[in-house]
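The values are calculated or read from the model by the stated rules, or taken from the named source; none is laboratory data. Source: prediction; values computed, not measured. The area values use the complete protein model at the heavy-atom level, side chains included, leaving out ligands, DNA and RNA. Shrake-Rupley method; radii C 1.70, N 1.55, O 1.52, S 1.80 Å.
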Amino acid sequence: MPGSGIQVSPIALGSRRPRWTSASVQRHVFAYLSLLPATIVVALFTLYPTLYSLNLALHQYHLLRPGRHPFVGTRNFVEALSTPGLYSSLLVTLQFTVMSVAGTAVLGTLIALLLNQPFRLARVLQVAILIPWAMPGVMAGIIWRWVFRGDVGVLNGLLYSLGLIDSYRSFLGDPITAKLALVVAHLWKHLPLATILLLATLQVIPRELYDAAKLDGAGTWHLFRSITFPFLKPTLAVVLIFDTIVAFTTFDLVFAMTGGGPANATTLIAWYIYNEIFTNLNLGRGAALAFLVALLTLLIALVYLRALRTERLCREG
């Protein structure tokens, strides 16, 4: 180098550059070719539908005018935000989501704690609890519609035989009970997965922590608050994010159980978008609504992740 008296060999400088041999090139090519099939599948089933929906949202696609699809820009989004039933369906969706997510978190934790106890049928119940989750959503909705039916429903028959009611009630015909019935069906369908995730976390907590705390005189509530719950918090965050997204986009249960009624009491946003597309035949506005709901769902997930990250930083600090 000039002025330093140190001579640097050109060979030494050149040795810092990556040396592309035929073997390294083959490894890189093989790695990219191995990822190519998965990339193509992801592009076909996620990227292409997303871009096609965006194209629908930016054009006037109305099935009553099949030959004309002019570019309208953001007009579909503006009209979607001004539709009269949008905000009422969003309110119903938020109510349903809050009840479903809270029920999943609380009941999932309690059931996981129960299944984590050593008793004879624990293994059998851990497997059997996944049966509702593995069932298709429409089938689950048909089952619960049969349970809550007002004429030959299972719940009416049970309550009547126990003398708790004098006559059959139309649970799905009342706005309040219909919404609660939808929440019950959602919990029955999606609670098992949350329970298994929480149970898996409970089973990796070192038993030595509990033994040491018991020697110090800690009670059941103190054990849960100081040991169990801190271990469960990351898994609970995943459960909350996942179930929020699932609840916010629930369609199959509404389709099979209530059809959005009575009096739009169970018209969730996914059902509202379905009606916009298949009843009003406005594909452009329906695609715009779907994009707005997707952005709102993403925002909620980011809020969860931000809160979790902030809490972790506070704990580490």
Carbon plus sulfur, as percent of the 1.4 Å-probe accessible area of the chain, comes to 70
Residues of the chain: accessible area per residue with a 1.4 Å probe, Å²: 62
Once the convex hull of the alpha carbons of the stretch 218-317 is built, what does its volume come to per residue, in cubic angstrom? 127
Over the chain, relative contact order from alpha-carbon pairs under 8 Å, at least 6 apart, %: 26
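Mind checking which helices in the chain clear 20 Å along their axis (Cα) and have mean Kyte-Doolittle hydropathy of 0.0 or more, DSSP H runs only? Mind showing how you got there, number by number?
On the way: long enough: 22-42 (30 Å, 1.13); 86-115 (41 Å, 1.83); 175-202 (38 Å, 1.44); 229-248 (27 Å, 1.79); 283-316 (49 Å, 1.11).
Membrane-span-like by this rule: 22-42, 86-115, 175-202, 229-248, 283-316.
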Keeping every protein chain in place, order Trp271, Trp146, Trp188, Trp221 by accessible area at 1.4 Å, biggest value first, i.e. largest first. Trp221, Trp146, Trp188, Trp271
The stretch 95-148 to the stretch 219-248: how many Å between their Cα centroids? 16
Over the stretch 80-218, what per residue volume does the convex hull of the Cα atoms give, in whole Å³? 198
With 20 Å bins from 0: P(r) over the chain, alpha-carbon pairs, percent: 22, 43, 26, 8, 1, 0
